[in-house]
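Novice: Dropping a structure here in structure tokens format, bear with me for questions.
The values are calculated or read from the model by the stated rules, or taken from the named source; none is laboratory data. Every value quoted in this text rests on a predicted model; they were computed, and no experiment measured them. No Cβ is skipped: glycine too gets one built from the backbone with ideal geometry, and neighbour counts run over all protein chains shown.
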Amino acid sequence: MRRITLAAQAVFSVYLNKDWQPEYGGNLELWDTTMSHKVVEYAPLFNRCVIFNTTDNSYHGNPVPVNCPPDSSRRSLAFYYTNGRPAGEVSQSHGTLFKNRPGEATAGEMTSSFAHRIVASIVLDAWRNLRSH
């Protein structure tokens with residue numbers, strides 16, 4: 001059986017957040033290839049569509065914690081266009097790459113901090129117990 005390897009080339013994100021307020025955070029940030037400055041930022045407003053290319057150095061995300069009321073959440077749909085990569089963009093296969101913004105903690109510290117913000121403590125306790133056995 002032939003294995004097909006595809007890489008995302010473009011992301012098409014649509015936001016589904018009615019009545020989203022600026023103080024809720026959760027904006028999508030797009031950074032330059034050196035992570036030296038933020039190029040643009042988009043609030044996750046209802047019916048907003050953001051389309052951007054993805055490569056190993058198309059740094060993007062919503063690093064500021066979402067702070068919406070308990071009865072709401074940040075919702076979006078993401079669609080990925082894949083069709084292989086041009087030869088100049090091919091790299092080793094990998095999962096998500098985390099990179100810190102200027103002046104932030106290391107990526108490992110950010111990942112740990114992020115996990116503590118989004119995962120209920122009972123889930124983290126269960127995960128720690130599994131790892132210790």
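Novice: Please go through the stretch 62-73 and pick out each residue that is surrounded by 15 or more Cβ atoms within 10 Å (Cβ to Cβ) and either modelled with pLDDT under 90 or within 11 Å of the chain's Cα centre (by Cα) (or both).
Specialist: Result: Asn62, Pro63.
Novice: Now for a different question. Taking the stated definitions as given, is Leu77 exposed (fewer than 13 other Cβ atoms within 10 Å of the Cβ), under 17 Å from the mean Cα position of the chain (by Cα) and at pLDDT 90 or above?
Specialist: Spelling it out, Leu77 is indeed exposed (fewer than 13 other Cβ atoms within 10 Å of the Cβ), under 17 Å from the mean Cα position of the chain (by Cα) and at pLDDT 90 or above.
Novice: Scan the stretch 12-48 residue by residue and report those that are touching a strand residue (DSSP E or B) at 6+ places or on another chain (Cβ under 9 Å) and of a type in the set (Phe, Trp, Tyr).
Specialist: Phe12, Tyr15, Trp31, Tyr42, Phe46
Novice: Here's a check for you: in the stretch 2-58, which residue that is modelled with pLDDT under 90, among the small types (Gly, Ala, Ser) and in a strand (DSSP E or B) is farthest from Ser76 (Cα to Cα)?
Specialist: Residue satisfying both the conditions and the ranking: Ala8.
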